[in-house]
Amino acid sequence: MTFRVPLRSKRKLHVKTTALTSIHRALGAKMVPFAGYEMPVQYAGLLAEHHAVRTAAGVFDVSHMGEFFLDGPGALDLIQKVTSNDASKLTPGKVQYSCLPNLEGGIVDDLLVYMRAENSYLLVVNASNIEKDWNWIQSFAGAYDCTLVDKSDDYSLLAVQGPQAAALLQPMTSVDLASMTYYTFVEAQFLNIPHVILSATGYTGAGGFEIYIPNEYAEKAWNAILAAGIVPIGLGARDTLRLEMGYCLYGNDINDTTSPLEAGLGWITKFTKEFNQRATLEKQKAEGVTRKLVGFEMIDRGIPRHDYPITTAQGEVVGVVTSGTQSPSLNKAIGLGYVPVALSTPESEIFVEIRGKYLKAKVISLPFYKN
């Protein structure tokens, strides 16, 4: 087993930057610290940006995400050991959503697994967990014949999302973007830049593509995308868009103490293979969980926020809000939170404590936004 521990110059800074940080500032973006990076939270305003993605197309700079390249005869076996989903089902050009179970049945991180070729994979992890995930996977990798390389500092990631994304990006590549199905990818030329990864994935539910490109070409790609009429979008709208779809955010809705079964991620937890803490999670599945992550909408007026208590009508705390917002698409307050199983079925009545008041809400089926 061999490793190259990459130079982590960005991570030594108190606040890290992406290859496009100066451009965001020049565009007048509101910049905030996020996952250790200085990132744009909004440009024209959250509502306008949210609706632009739902109705047309917008581009996010999500270059803070981590990219690990894994190659060698033992690559698949390592992935099978450390992830919950069954990566043996992948074929070249396919992507899989998965998670890294810890040794207590919680979640180290959620991630995407890309199969580039036989014995060749790309793992895309959350920005706040790059070091954590690297160390976690490396702790198991010595038993497998493969090479793990962290290229997180070498790549920029542009997410072009929205129903018009394929049409607006099409002049930039010979790849037939409209024919790409969800969770597939190609490595091809983009703006005459070789070996760009074009992935039909995203975190908005609006369709579109994620573009992995070497840092030195990031500005060229960003400018071309904006010139095509695609507007810049900040992380504020990314959060409202993902929440409308009921997508989990690591650190809010899932973490080291939440099991994938509690979080509604049983569909990426495959007991047809061996993986970390399979026995613990299989036992939990057989016995049943005691709490579940649910979506809910407010009946009374009020916006639920992270860590607000979920209660009974009498004020007894029975759960906690993990994510919440005023949905721009639905014009109602929505949230995710953990509640006892008895309160997890749709139409169940719950209450959220907001500023000392117990405000009524009801559990509903996900996603909130159905397009």
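The values are calculated or read from the model by the stated rules, or taken from the named source; none is laboratory data. All figures in this text were calculated on a predicted structure; none of them were measured in a lab. Cβ atoms come from the backbone with ideal geometry, glycine included; neighbour counts cover every protein chain shown.
Per-structure values
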| item | result |
| --- | --- |
| Residue list for the stretch 3-27, filter: modelled with pLDDT of 95 or more, exposed (fewer than 12 other Cβ atoms within 10 Å of the Cβ) and not hydroxyl-bearing (Ser, Thr, Tyr) | Ala26 |
| Filtered residue count, the stretch 183-212, keeping only those that are under 21 Å from Ala52 (Cα atoms) and not β-branched (Val, Ile, Thr) | 10 |
| Residue ID - nearest to Gly236 (Cα to Cα), chosen from residues in the stretch 60-107 that are of a type in the set (Asp, Glu) and out of contact with any strand residue (DSSP E or B) (no Cβ under 9 Å at 6 or more places or on another chain) | Glu104 |
| Only listed residue being acidic (Asp, Glu), in contact (Cβ under 8 Å) with a residue 40 or more places away in the chain and crowded, with 18+ Cβ neighbours inside 10 Å, chosen from Glu274, Glu244 | Glu244 |
| Test for Thr91: is it surrounded by fewer than 19 Cβ atoms within 10 Å (Cβ to Cβ), among the β-branched types (Val, Ile, Thr) and either more than 26 Å from Leu241 (Cα to Cα) or free of Cβ contacts under 8 Å to residues at least 40 places away in the same chain (or both) | yes |
| Pair list, Cβ under 6 Å, 6 or more apart: the stretch 59-73 residue among the polar types (S, T, N, Q), other residue outside any strand (DSSP E or B) | Ser63/Thr18 |
| The lone exception for Ala221 - which of (1) crowded, with 17+ Cβ neighbours inside 10 Å; (2) under 16 Å from the mean Cα position of the chain (by Cα) it fails | (2) |
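Condition check ((1) touching a Ser or Thr at 6+ places or on another chain (Cβ under 8 Å); (2) outside the structural domain of Pro33 (by TED's automatic domain parsing); (3) assigned to a loop (DSSP other than H, G, I, E, B); (4) within 16 Å of Tyr250 (Cβ to Cβ)) across all residues:
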| site | (1), (2), (3), (4) |
| --- | --- |
| Pro73 | no, yes, yes, no |
| Gln80 | yes, yes, no, no |
| Ser84 | yes, yes, yes, yes |
| Val95 | yes, yes, no, no |
